[in-house]
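A short worksheet on the structure shown next.
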Amino acid sequence: MKQYEGKNEYVNRINKVQNYIERNITKTFTLEELSEVAGFSKYHFHRIFKAITHESLLQYVNRIKLEVSTGLLSHRQDMSITDIAYYLGFSDSAVYSRSFKQYYDVSPSNYRDDYRKNCKDQYNISRYNKDVSDKLNQSVSKQEIEGKVEIITMDSIKVAYLRFTGAYIELSKQLPKLMEQLFINAYNQNLLIEGETKVLCIYHDNPEFTNPDDLKTSICITLPDGAVVDENSELSVMEIPAGEYMVGHFYIRQDQFSAMWDYIYEEWLTNSGYVPSDNAPFEVYMNDYRNDKHGIHLVDIYLPVQPFAF
């Protein structure tokens, strides 16, 4: 095996573990369970995970659980702090509250109260593509955004992807190179089907709650039925879960991406009777904006949702 192929295999396996943790965030994980997902010996898995992610396994799991909990505190008023603690696999609310305060320097109850008081004035509920688009035009407002929104029940989608970890402003600089890598790998493996392959980005973390350097984004292509991806290539494979999704169809300028996400969370979601569910949202790029005479992006946003429990 070539040296770069060996590193790709390590990265692919750690990506698989991260995906597994995110999909099963309510579980209490064991070292045996996660090392088995990775296909590594449990005696070496800790060091391998930290070498790839620069975070210990325990730090990573706790951070992801706490970040998910901030979203629940903000948007799930039907769940008490004790409900959230048990839902995310903490042994009790005291352990959860202590961990939360240690990480965020504020208690969960104070965080929830502050969010309720300040969300209209201070918070942009979603900051996906923050910095990337906002640096281009500081005056863009969600009031300028128009789009058609619908609720669908979606089948699972299998994708091949490259993962980027870091701030969105850095992602914007690296995206052309990442797209080129993605398509070269896909072309060499005959994974592209003209007129059928879709390109999308999955945002695994909410940038409102996650350190910019820890933000994970997967740059993906959809895979045809029966496609087999070379395990030694740069590409990893995952499945976007089936379920109920809000889909927003937008025709926007480059500088409107952040405002588009704010419109979905602040305008549509708060009046919809739905709340976000645990899976990651993603963007699907329906055109090549370089071929549009106005340089406009045709974008579909997929946000996993569930009915609000009154």
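Y161 passes every criterion in (1) within 30 Å of Y115 (Cα to Cα); (2) in contact with a Cys (Cβ under 6 Å, 6 or more places away or on another chain) apart from (1).
Residues checked against (1) surrounded by 21 or more Cβ atoms within 10 Å (Cβ to Cβ); (2) under 30 Å from Q189 (Cβ atoms); (3) in the same structural domain as G226 (by TED's automatic domain parsing):
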site: E239; (1), (2), (3): no, yes, yes
site: D255; (1), (2), (3): no, no, yes
site: S272; (1), (2), (3): no, no, yes
site: Y302; (1), (2), (3): yes, yes, yes
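Just the residues that are crowded, with 18+ Cβ neighbours inside 10 Å and either closer than 11 Å to L191 by Cβ or among the hydrophobic types (A, V, I, L, M, F, W, C) (or both), please, taken from the range 210-232. Matches in the range 210-232: L215, I219, C220, I221, T222, L223, V229.
In the range 80-95, which residues are surrounded by fewer than 18 Cβ atoms within 10 Å (Cβ to Cβ), without any contact (Cβ under 8 Å) to a residue 60 or more places away in the chain and not polar (S, T, N, Q)? If the condition is that a residue be surrounded by fewer than 18 Cβ atoms within 10 Å (Cβ to Cβ), without any contact (Cβ under 8 Å) to a residue 60 or more places away in the chain and not polar (S, T, N, Q), then D83, Y86, D92, A94, V95 are the ones that fit.
For the range 213-257, how many residues are under 24 Å from D300 (Cα atoms), in contact (Cβ under 8 Å) with a residue 12 or more places away in the chain and outside any strand (DSSP E or B)?
11
For the range 258-310, which residues satisfy the criterion of being outside any helix (DSSP H, G or I), more than 21 Å from P241 (Cα to Cα) and acidic (D, E)? Those that are outside any helix (DSSP H, G or I), more than 21 Å from P241 (Cα to Cα) and acidic (D, E): D288, D292. For the range 162-200, the set of residues classified as surrounded by 16 or more Cβ atoms within 10 Å (Cβ to Cβ) and in contact with a Ser or Thr (Cβ under 6 Å, 6 or more places away or on another chain) consists of R163, F164, L171, N185, listed by residue number.
For the range 274-293, taking the residues that are at pLDDT 85 or above and among the hydrophobic types (A, V, I, L, M, F, W, C), the one that is surrounded by the fewest Cβ atoms within 10 Å (Cβ to Cβ) is identified as M286. A count restricted to the range 154-174 and to residues that are more than 14 Å from the chain's Cα centre (by Cα) and among the hydroxyl-bearing types (S, T, Y) stands at 2. Figure legend. Inter-residue proximity from the range 271-295: first residues without any contact (Cβ under 8 Å) to a residue 24 or more places away in the chain and small (G, A, S), second residues surrounded by 10 or more Cβ atoms within 10 Å (Cβ to Cβ) and part of a strand (DSSP E or B), beta-carbon distance below 9 Å, spacing 6+ or different chains. No pairs are indicated. Across the range 19-54, the qualifying residues are those that are under 18 Å from the mean Cα position of the chain (by Cα) and charged (D, E, K, R), and the one among them that is nearest to K101 (Cα to Cα) is E22. When L31, L57 are checked against the criterion of being farther than 20 Å from F209 by Cα and touching a Leu at 6+ places or on another chain (Cβ under 8 Å), a single residue qualifies: L31.
For the range 61-82, state whether one or more residues are in a helix (DSSP H, G or I) and farther than 30 Å from T270 by Cβ. Working first, answer last.
If we filter the range 61-82 for residues that are in a helix (DSSP H, G or I), which is where we start, we get 61-75, 81-82.
Among the residues that remain, those that are also farther than 30 Å from T270 by Cβ are: 61.
Within the range 61-82 (the criterion being in a helix (DSSP H, G or I) and farther than 30 Å from T270 by Cβ), the answer is yes, since at least one residue qualifies.
Does V284 satisfy the condition of being among the hydrophobic types (A, V, I, L, M, F, W, C), in contact with a Leu (Cβ under 6 Å, 6 or more places away or on another chain) and under 21 Å from I151 (Cα atoms)? Step through it out loud before you land on a result.
On the way: among the hydrophobic types (A, V, I, L, M, F, W, C): yes; in contact with a Leu (Cβ under 6 Å, 6 or more places away or on another chain): yes; under 21 Å from I151 (Cα atoms): yes.
Yes; evaluated as a whole, the condition is true for this residue.
Is it the case that some residue within the range 167-176 is among the β-branched types (V, I, T) and within 21 Å of D214 (Cβ to Cβ)? Looking through the range 167-176, at least one residue is among the β-branched types (V, I, T) and within 21 Å of D214 (Cβ to Cβ). On inspection, R98 qualifies as more than 27 Å from L171 (Cβ to Cβ), surrounded by fewer than 16 Cβ atoms within 10 Å (Cβ to Cβ) and either modelled with pLDDT of 90 or more or hydrophobic (A, V, I, L, M, F, W, C) (or both).
Go through L162, L178 for me and flag whichever is in a helix (DSSP H, G or I) and at pLDDT 90 or above. Even if it seems obvious, please write down each step before you answer.
Details: L162 fails: in a helix (DSSP H, G or I).
Being in a helix (DSSP H, G or I) and at pLDDT 90 or above holds for just one of L162, L178, which is L178.
The values are calculated or read from the model by the stated rules, or taken from the named source; none is laboratory data. All values reported here derive from a predicted model rather than from experimental measurement. Note that each Cβ is placed from the backbone with ideal geometry, even for glycine, and that neighbours are counted across all protein chains shown.
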